[in-house]
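One structure is given here, and the rest of the page talks about it.
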Amino acid sequence: MMRALDLAEAVEAGDLTPATVLELALEAIGEREKDIRAFASLDTDRARLAARTIPGTDGLFGLPVGFKDIIDTADYPTEHGSPIYKGHKPISDAPIVRMTEAAQGLRFGKTATTEFAFLNPAPTFNPHNPAHTPGGSSAGSAAGVAAGFFPLAFGTQTGGSVIRPASFCGVAAMKPSFRLIPIQGVKPFAPLLDTVGLFGARVVDVAFGLAAITGRDLRVDGGDFGKPVFGITRQPFAGEGSLEANAALEQAIKALEKAGITCREVTLAPVFGEAHAHHRAINNHEGAVSLTWEYDVHCERLSPILRDCIEHGRSVSLAEYDAARAVSNKARKATHPLFEEVDVLLTFSAPGLAPLRDSTGDATYNKLITLLGLPAVNVPGWRDSATNLPMGVQVVGAFGDDQRTLAAAHLLEQALAAHA
């Protein structure tokens, strides 16, 4: 994998240039892209020209950044993983694209997504085992980072579309606090839930990238953030995790304890289980509204799984939708006393290993966190020897406390490296 922070430091020191970093990425793409299919579109000539003109003096230091193909780009097609938008070119870039370039990041192609960021699988393969899914909906972004195609890539999460593919592909990723990253110019599905996130090789790489792009104080390399208290929850209302998921979580707990970090079990209030159950009504109702034109005009070009979602969403009454929002608001308020007892939560990133490619996996352990708008980080570290598939764990913080969440995740990453 390409480590963003290390590459940026090498460019700053004069050991590399943006152009040479790009060539490293293109070499990896030449070797593996035909087998992984992480890209929806890529113009290597355009990328080489841009790399020669980036100063590489600050911010991202000219590092290539992938963009999920529901994020508007004026110079690349934005097809949303759907034949309805084949060849579609927006007239403008999404703000996050412009912010990345203002931070001296290299716009580097569009990464494969599931259809409208829902559940119909993307054409992408898991880099660790091609029989299995890379997850979704941010399939190409997660797989591309894992394969060394780019050091950073943007995805989005409405259910579990950042954390889950990061777990399946063995990379770090963050779904920040709701709206920390602007969502304008991103194809909406459920606006109450949709959140832009970032993938990288390690937690420090994700923190570095987010800090450079957003201008916020989010870096965690070289800082002393103390020893946070980790609250352990298995989210029992979301179902039971597999043997592999429990093994990954237990490994993380043991590594933290060996590093002298306090871990304690926490019991989530009943309102959190209620909110978890209401995610579907909000997701499907808002998805049906967002895709009204696509359903009314191009229904036959939608996948059966998406049509079913929209039809269910249309059957959700306004009273049911408003009740779901009310429960969600109550649950968000209930997070305040929760994070007075612990600094962060540690839980499953996914119910188990990546399933076969006819599925994108189950977002059951991500839905509540997305609904609450809390920052969450996937920390990789466990691997199944039989399948070679990785498995991550999820660190969750209080709303707006993104740097502390990243710092705790980085601490866990270090503990796993030292003690796992």
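None of the figures in this text is laboratory data; all of them are computed from the coordinates on show. Remember, it's a predicted structure, so these values are computed and weren't measured experimentally. As a convention, Cβ positions derive from the backbone with ideal geometry for all residues, glycine included, and neighbour counts pool all protein chains shown.
Considering only alpha-carbon pairs that sit under 8 angstrom and 6 or more positions apart, the relative contact order computed for the chain is 19 percent.
Semi-axes of the equivalent ellipsoid for segment 256-365, computed as √(5λ) from the eigenvalues of its C-alpha gyration tensor and ordered from largest down, come to 35, 21, 9 Å.
Please state the shape class of segment 4-214: rounded when a/c is under 1.5, otherwise prolate if a/b exceeds b/c and oblate if not, all from the C-alpha gyration tensor. Could you put the intermediate results ahead of the total?
Working: a/c = 1.38, a/b = 1.28, b/c = 1.08.
Because its axes are fairly even, with a/c under 1.5, segment 4-214 counts as rounded.
Checking the cross-link pairs K333/K367; K34/K110; K175/K258; K175/K227; K254/K367 against a 19 Å limit on the alpha carbon distance flags K175/K258; K175/K227; K254/K367 as lying beyond it.
Where the centroid of each part is defined by its Cα atoms, how far is segment 61-82 from segment 363-417 in Å? Taking the Cα centre of segment 363-417 as reference, the centre of segment 61-82 is 25 Å away. Quick check on the chain: of the DSSP beta bridges with both residues there, what percent are antiparallel, nearest 5%? Restricted to the chain, the bridges split so that about 70 percent are antiparallel. If you take the Cα centroid of segment 180-202 and the Cα centroid of segment 149-169, the two points sit 11 Å apart. Each residue in M174, M1, M391 was given a count of other beta-carbon atoms within 10 angstrom of its own, and listing them fewest first yields M1, M391, M174. Couplings 3J(HN,Hα) for segment 318-333, derived from phi with the Karplus relation 6.51 cos²θ - 1.76 cosθ + 1.60 (θ = phi - 60°), are 4, 5, 5, 5, 5, 5, 5, 5, 5, 5, 4, 5, 5, 5, 4, 5 Hz, where x marks Gly and Pro.
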